[in-house]
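Report on the following structure.
Please treat every number below as a calculation from the coordinates, not as lab data. Only a predicted model underlies this, so the values are computations on that prediction, with no experimental measurement involved. Here the Cβ is made from the backbone with ideal geometry for all residues, glycine too, and neighbour counts use every protein chain on show.
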Amino acid sequence: SLLGGGSLSGTVAQATAINGVATFSNLSISVAGTNYTLVANSVNSLSATGNVFTVTPATATKLVYTSVPAVTNVAGSTLSNFVVQVQDPFNNNVPGSGVPIGLTLSTNTFVGGTTNMTTDPNGSATFSNLVITVAGNDTVTASSAGLTSANKLLVILPAPFTMTFQQIGRASCR
């Protein structure tokens, strides 16, 4: 069994060989973390606890949104922040500064805000002050070379319109 969080995958029950040794050759832990310990238990109440170890994230493979605006927004309004995180194939956040990430729209362009950022030491990038002025459905894509992109659908509603009335004077001829 695994102590310290996460889950242990693979064949976790194994019979001992003739020499009394059980070999576990296909165990894996997919959640990065610290202070993990393996514990072996037998049916006769014997147990052995291994040393404490750390599991680090695998190599970065994808981008994910960890914070996004509401799906429906109004044209011309400033969107809530987008936060994009670099992750490994097991959904662990991968720390690391300087990974360039860009945001693009599938059918329009942003008219305000910063659409190109680099990650902070935690491996995330925050995009703020973004504005879309064209109504319709659009997909926001976060991309970085070598990583699988993240997509988010946005619905942009037309901005409320205002009506003004102008009084037109009447001229009369005599």
Original post:
Around Val94, with a cut-off of 14 angstrom between Cβ atoms, what is the net charge of the other residues, counting Lys and Arg +1 and Asp and Glu -1?
Top reply: -1
Original post:
Within the chain, which is the longest segment containing none of the chymotrypsin sites (Phe, Trp or Tyr not before Pro) that sit in a DSSP loop and have at most 16 other Cβ atoms within 10 Å?
Top reply: 91-160
Subject >> Among (i) 1, 8, 15, 18, 16, 14, 11, 7, 5, 3, 1, 1, 0; (ii) 2, 7, 12, 13, 14, 13, 11, 9, 7, 6, 4, 2, 1, 0, 0; (iii) 2, 7, 12, 13, 10, 9, 8, 7, 7, 6, 5, 4, 3, 2, 1, 1, 1, 1, 1, 0, 0, 0, 0, 0, 0, the entry that matches P(r) over Cα pairs in 5 Å bins from 0, in percent as calculated here >> reply: (iii)
**OP:** Pop a pseudo-label 7 angstrom from the Cα along the beta-carbon direction at both Leu27 and Val74 and give the gap in nm to one decimal.
**Re:** 5.8
**OP:** Evaluate E = 1/(1 + (r/R0)^6) for Thr109 and Asn81, where r is the Cβ-Cβ distance and R0 equals 25 Å; express this FRET efficiency to the nearest 0.05.
**Re:** 0.85
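Could you tell me the relative contact order of the chain? Use alpha-carbon pairs under 8 Å, at least six residues apart, and round to a whole percent. Display every interim value, and only then the final one.
Details: 377 pairs, mean separation 31.4, N = 174.
Value for the chain: 18 percent.
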